[in-house]
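Quick notes on the structure that follows.
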């Protein structure tokens with residue numbers, strides 16, 4: 001949170017993400033093998049250890065006006081709850097997994113006080129799945145909450161300016 005401002009605000013979204021991940025880890029203990037950011041474009045990541053919760057910030061929208069150097073933004077989050085297809089009663093257990101994640105999320109401020117509102121508008125529904133020996137089942141828990149951002153974030157230095165490919169990689173790349 002911003003230290004020089006009387007109104008609570010986050011420097012950036014990193015603290016919120018870290019606190020959500022910590023709360024999820026704490027709720028499940030050592031049986032939860034992975035808590036990470038959902039990254040659908042990481043072509044190097046072919047496997048994850050399950051049970052897993054993959055956090056995704058799906059959308060950011062303006063959320064009104066406040067004073068005190070804060071900008072409120074409405075954040076739409078998703079937690080992808082993933083179990084191995086080898087889990088006994090996987091269809092039932094993945095729903096139980098999602099329900100437990102909902103209890104962690106419901107009303108949470110993630111120990112950030114008034115810098116964020118309580119999580120609300122919770123929902124859950126089936127996610128991606130892949131049958132078979134190395135397959136998985138997933139459910140997605142969604143919620144919204146407003147975060148108050150300060151103005152201290154700056155674009156990080158890129159160590160080596162360069163070109164990036166933003167389209168599909170051609171065969172052989």
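Quick note: the coordinates plus some simple rules give every number you see, no bench work behind them. Since this is a predicted model, take the numbers as computed values, not measurements. Ideal geometry is used to build each Cβ from the backbone, glycine not excepted, and the neighbour counts take in all protein chains shown.
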If 109, 65 are placed from fewest to most neighbouring beta carbons inside 10 Å, the sequence is 65, 109
Mean Cβ-within-10 Å packing, highest first, puts peptides 126-133, 19-26 in the order 19-26, 126-133
For region 35-151, Rg(Cα) over 2.2 N^0.38 Å is 1.21
Proxy exposure order for 54, 122 (fewest C-beta within 10 Å first) is 122, 54
Final fewest-first order of 117, 47, 71 on the 10 Å Cβ neighbour count is 47, 71, 117
Using the Kirkwood radius over Cα pairs of region 71-117, the Stokes-Einstein translational diffusion coefficient at 4 °C and 1.567 mPa s, in µm²/s and rounded to a whole number, is 101
